[in-house]
Amino acid sequence: MPKTILIAGGAGFLGSHLSDSYLAKGYKVIAVDNLSTGAIKNIEHLKSNPDFLFVEHDICAPLPSVIMDHELEIIANLASPASPPHYQRLALETLNVGSIGVQNLLELAKTKKARFFQASTSEVYGDPEIHPQPETYKGCVNSYGPRSMYDEAKRFAEAMIYVYHNKFKVDTAIVRIFNTYGPRMDRDDGRVVSNLIVQALAGQPLTIYGDGTQTRSFCYVSDLIRGFIALIESGEEGPINIGNDGEFTILELAEIVKELTKSKSEIIFKPLPGDDPLQRKPDITLAEKKLKWSPTVQLREGLLSTIEYFKS
Ligand code: NAD
Ligand code: UDP
């Protein structure tokens, strides 16, 4: 009998890639998604695969029997709005999915004796005072502000997982994901990589928020998914950072996108949103040591593939 993985958020950018990888490994994949920020087009190519099942459902509601009645070896929770414009628009939904939704899936993992995997985020470190950020850093997060519905939901989720792990002995794993990009990013979700590429290809001005000196570290999606699988298979509990430790200012990113797209677009500056972290770079020592994982795709190479995706 093939093993089964339930992927919550399976119609999203990362969830659809994780679905591809587990199908390729011979698993049955059940993708559950309410399509709030994901899209059927991300999983269209899987619909004729007999080992793939899509269930349109909000994980904050009681789970349907098609899921409850199934044997599950792994439950991977990627369900949550992820880009700042989306989680600010879907503010209550973001708080609910990080609390009620996560608890629903943890209860399921407890019942099924499944391994539970949570997509957490570098946002748990907030606007960090320590650079790069190791997993031991406790963060500098504003609990009352424009990013708090996301940051605090993800922190609450980690706390809930800690309780299920320690009190109910659920087998859990937490990955803290740093900015990831690649094919199937939503062109309209407002993240910097998709915005800049779409703008450059359309000959529109490239928008930089603030003066562009803030930094991010960009991980290509195939590297991230390889890290997910390494963590799931390792039995490690985490939290473990997965990200690319190459660090770029947003202005540098815009210049590289301009160069790679051969765009003549100008760069324009817009106000910096509140609580926007000034710097971010993962310390990936733990992933290298515990998972034997390190990123392999450099920014220019990953951007070229992403540009091809947006062109098509
Ligand atoms: P995405 O928006 O493409 O995917 C999230 C998916 O979750 C979407 O398909 C959405 O419809 C679904 N969803 C949201 N609420 C739901 C609910 N209540 N019930 C069922 N489905 C629901 O975003 P993504 O970039 O693929 O992110 C996936 C996960 O990884 C998220 O949890 C996000 O917080 C986390 N993450 C992503 C990044 C990144 O750079 N992409 C960075 C840090 C953390
Ligand atoms: N950003 C930008 N122009 C855009 C979109 C975002 O300059 O069109 C900035 C944003 O203010 C932040 C960085 O790019 O400093 C990364 O933004 P993103 O939304 O991709 O991710 P996050 O802020 O969650 O790391």
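The values are calculated or read from the model by the stated rules, or taken from the named source; none is laboratory data. What you are looking at is a predicted structure, and each value in this text was computed from that prediction instead of being measured. Don't worry about glycine lacking a Cβ; one is built from the backbone with ideal geometry, like all the others, and counts go over all protein chains shown. Just the protein is used for accessible areas: all its heavy atoms, side chains included, with ligands, DNA and RNA removed. Shrake-Rupley method; radii C 1.70, N 1.55, O 1.52, S 1.80 Å.
Worth a mention:
- Conditions (1) surrounded by fewer than 18 Cβ atoms within 10 Å (Cβ to Cβ); (2) in a loop (DSSP other than H, G, I, E, B); (3) touching a strand residue (DSSP E or B) at 6+ places or on another chain (Cβ under 9 Å); number of the one not met by Y162: (2)
- Y220 being closer than 16 Å to T249 by Cβ and in contact (Cβ under 8 Å) with a residue 60 or more places away in the chain: no
- Of everything in segment 17-41 that is away from ligand 2 (no atom under 16 Å from the Cβ), closer than 18 Å to V97 by Cβ and out of contact with any strand residue (DSSP E or B) (no Cβ under 8 Å at 6 or more places or on another chain), the residue that is most open to solvent (accessible area, probe 1.4 Å) is S36.
- Residue match in segment 94-110 (condition: within 16 Å of ligand 2 (Cβ to nearest atom), surrounded by 20 or more Cβ atoms within 10 Å (Cβ to Cβ) and closer than 20 Å to P273 by Cα): yes
- One residue from L72, L92, L108, L63 being assigned to a helix (DSSP H, G or I) and touching a Leu at 6+ places or on another chain (Cβ under 7 Å): L108
- Looking across segment 38-75 at every residue that is touching a Lys or Arg at 6+ places or on another chain (Cβ under 9 Å) and in contact (Cβ under 8 Å) with a residue 60 or more places away in the chain, the one that is nearest to A153 (Cα to Cα) is identified as I75.
- Looking across G145, G182, G190, one residue alone is within 11 Å of ligand 2 (Cβ to nearest atom) and modelled with pLDDT of 95 or more. It is G190.
- Where a residue in segment 5-24 is under 17 Å from Y181 (Cα atoms) and its partner, wherever it lies, is among the small types (G, A, S) and in a helix (DSSP H, G or I), with Cβ under 8 Å and at least six apart: G9/G15; G10/S16; G10/S19; H17/S222
- One residue alone among R191, R184 is touching a residue at least 24 places away in the same chain (Cβ under 8 Å), on the phi > 0 side of the Ramachandran plot and within 16 Å of ligand 1 (Cβ to nearest atom), and that residue is R184.
- Selected residue [open to solvent by 30 Å² or more (accessible area, probe 1.4 Å), over 20 Å from the mean Cα position of the chain (by Cα) and modelled with pLDDT of 95 or more] from E266, E247, E236: E266
- Unmet requirement for S120, which otherwise passes all of (1) open to solvent by 30 Å² or more (accessible area, probe 1.4 Å); (2) within 30 Å of D69 (Cβ to Cβ); (3) polar (S, T, N, Q): (1)
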